[in-house]
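Structure first, commentary second.
The values are calculated or read from the model by the stated rules, or taken from the named source; none is laboratory data. Please read all numbers here as calculations on a predicted model, not as lab measurements. Cβ placement follows ideal geometry from the backbone for every residue including glycine, while neighbour counts extend to all protein chains displayed.
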């Protein structure tokens with residue numbers, strides 16, 4: 001069930017990324033190149049007993065100790081439209097994107113980039129499982145950075161939907177993300 005939802009969510013994201021020329025790719029196979037994601041993936045699956053979505057309270061600072069700089073938590077707010085508010089943003093995220101803590105994505109990032117952020121967060125929510133994303137940074141004048149992201153759904157103790165994210169950023173040319181991934185990157189983005 002989760003695998004089918006993850007595949008569908010990634011296909012939807014990737015189709016939109018190609019159509020809109022986003023320098024991003026969603027990978028439901030979780031072929032992380034950074035080994036630090038294995039810890040987070042193991043934690044998420046350990047808290048996801050059966051079909052239970054892990055709780056925000058499961059991911060204590062102690063549980064995330066080695067990853068805190070690289071973690072962000074987004075709250076999904078649905079009042080006719082869906083918006084995402086940044087609840088937690090680690091310092092590695094803030095160094096690249098600016099500190100967005102407490103702000104809504106659609107108010108905090110340039111309008112041209114907000115749809116990409118929303119689509120990735122929506123995909124994680126719709127997948128009901130962790131997803132892997134790779135993409136070029138599009139904020140804080142750091143477009144030379146490429147990032148690998150973990151994104152997965154959470155629920156808070158009041159039932160509010162959230163997305164747990166972790167990201168690692170590296171200054172490398174976009175085309176060095178891997179041959180298979182490069183094949184899936186929109187041509188316009190790959191040339192940048």
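The table that follows gives values for the structure above.
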| item | result |
| --- | --- |
| Criterion violated by residue 27 - all others in (1) within 15 Å of residue 120 (Cβ to Cβ); (2) in contact with a strand residue (DSSP E or B) (Cβ under 7 Å, 6 or more places away or on another chain); (3) surrounded by fewer than 17 Cβ atoms within 10 Å (Cβ to Cβ) satisfied | (3) |
| Lone qualifier among 81, 33, 53 - being surrounded by fewer than 20 Cβ atoms within 10 Å (Cβ to Cβ), out of contact with any helix residue (DSSP H, G or I) (no Cβ under 8 Å at 6 or more places or on another chain) and closer than 19 Å to residue 145 by Cβ | 33 |
| Residue list for the stretch 64-74, filter: surrounded by fewer than 19 Cβ atoms within 10 Å (Cβ to Cβ) and at pLDDT 90 or above | 68, 69 |
| Contacts under 7 angstrom Cβ, first residue in the stretch 1-25 being at positive phi and touching a residue at least 60 places away in the same chain (Cβ under 8 Å), partner in a helix (DSSP H, G or I) and surrounded by 16 or more Cβ atoms within 10 Å (Cβ to Cβ), 6 or more apart | 21/189 |
| Residue in the stretch 100-123 that is surrounded by 18 or more Cβ atoms within 10 Å (Cβ to Cβ), farther than 26 Å from residue 11 by Cα, modelled with pLDDT of 85 or more and in contact with a helix residue (DSSP H, G or I) (Cβ under 7 Å, 6 or more places away or on another chain) present | yes |
| Matching residues in the stretch 106-121 - criterion: being within 29 Å of residue 7 (Cβ to Cβ) and either touching a residue at least 60 places away in the same chain (Cβ under 8 Å) or part of a loop (DSSP other than H, G, I, E, B) (or both) | 109, 112, 113, 115, 116, 119, 120 |
| Test result for residue 95, modelled with pLDDT under 90, within 23 Å of residue 159 (Cβ to Cβ) and in contact with a helix residue (DSSP H, G or I) (Cβ under 9 Å, 6 or more places away or on another chain) | no |
